[in-house]
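Step one of this worksheet: look at the structure below.
The values are calculated or read from the model by the stated rules, or taken from the named source; none is laboratory data. Model, not experiment: these values are computed from the prediction. Note that we place each Cβ from the backbone using ideal geometry, even for glycine, and neighbour counts take in every protein chain shown. These area figures cover heavy atoms from the full protein model, side chains too; ligands, DNA and RNA do not enter into them. Shrake-Rupley method; radii C 1.70, N 1.55, O 1.52, S 1.80 Å.
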Amino acid sequence: MRPRRRPDLSLKRVVTLLAALGAIGIACGRSATEPDASTAVADAAAKVAQVAAAVTGQDAPLADEQLDGRHLGFDTHTYPGDKTMRAWKTAADAPYSWVGYYLVSPCHKDDSWSGKRQTLTDMGWGLAAVYVGQQTWGRTPKPLTAKRQAQLAKAKATCNADLLSADRGAADGRDAIARTAAEGFAPRSVVFLDIERMEKMPQVMRDYYRAWARTLLRDGRYLPGVYVHAWNAQVVHDDLKAEFVAAGVKEEPRIWVATGRGFDESKSPKDVGFTFAGMWQGMIDVARAVADIKLPVDVNVSSWISPSDPARAVD
């Protein structure tokens, strides 16, 4: 039950007052010439805005947006093991707050992450669920004729550029839903479709990922996001946004952009050059050591401390 609100206690008035008090408190405690002074003030204002929202029983979407943060995360192909993941999370000054969680998928057959969602969340890890669907692999897909379909079926191929199509996108979308549910992710969690870099994007790839996203949106249990290289990010974002609009989903799609250009672990995801970027992968297959345990990882920064956490419904 929501607490009763006094008649003259509006969210706007409380947010304004508390945000001002929070900003004054921070400003008095540190010099405005320090590099992160303005960020600290903004974060403090956003936090008190959320407190005000809780007191009045209202949402504070502006506060949610301000608290997007810069959260370091990593992803790596194979599950490093419980001991390593616990050590990397509990070490003094541990840098990473979230990790990529690979679902078994057409182009990622390794199942070492399977069944580890609860273990990782109990350790305090945020998660980004990743589904590696069909790719072009630098090829121009061949027409999927009956003969070609027979060849792929005979070879038991599940990951091939020639499989790209809207029908395959829908089938892989259903597979992603089933695998995400089997791992116990909460309703409205975001699943990121991996889309690797393409110099030229064939129409069948666009048909594929749009059908994949459309399938998730129509089902409604989970929301589609994408991991995409900066080279292809604008087109993919625009296509995904169009699917959200067509489905009547008001949330913004979560976009994870990959490029090493200009990356720094202290930067915001939007510094990648796209205002819609909520995550930025900027280092690929680098060796990192935490608690004297070294792993080959890709380094990322995210607006969310747990990128797949359920999106808040927008009225």
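Take peptides 274-286, 204-216 and line them up by average Cβ neighbours within 10 Å, highest first, as a rough protection proxy.
Going from most to least packed, we get 204-216, 274-286.
Would you mind working out the accessible area per residue for region 162-253, using a 1.4 Å probe, and quoting it in Å²?
42 Å²
To one decimal place, what orientation-averaged projected area in nm² is obtained for the convex hull of the Cα set of region 83-158?
For region 83-158, the mean projected area of the Cα convex hull comes to 7.1 nm².
Provide, for q = 0.22, 0.28, 0.32 Å⁻¹, the log10 of I(q)/I(0) from a solvent-free Debye sum over equal Cα point scatterers in region 156-202.
Here log10 of I(q) over I(0) equals -0.94, -1.16, -1.27.
Set the bar at 25 Å for Cα to Cα. Now go through Lys83/Lys109; Lys250/Lys270; Lys116/Lys154; Lys83/Lys267; Lys89/Lys267; Lys116/Lys241 and name every pair that lies beyond it.
Violating the 25 Å limit, Cα to Cα: Lys116/Lys154; Lys83/Lys267; Lys116/Lys241.
Across the Cα atoms of region 136-276, what radius of gyration and what greatest pairwise Cα-Cα distance (Dmax) are found, in Å?
Spelled out, the Cα radius of gyration and Dmax of region 136-276 are 16.0, 52 Å.
Over region 91-227, with every protein chain in place, what whole percent of the accessible area is carbon and sulfur at 1.4 Å, could you tell me?
Whole-percent figure for carbon plus sulfur exposure: 49.
Loop-only check: which GluC sites (Glu not before Pro) in region 183-231 are DSSP coil with at most 11 other Cβ within 10 angstrom?
Glu199
What net charge is computed for the residues neighbouring Tyr101, neighbours being all others with C-beta under 10 Å from the C-beta of Tyr101, Lys and Arg scored +1, Asp and Glu -1?
For residues surrounding Tyr101, the net value is 0.
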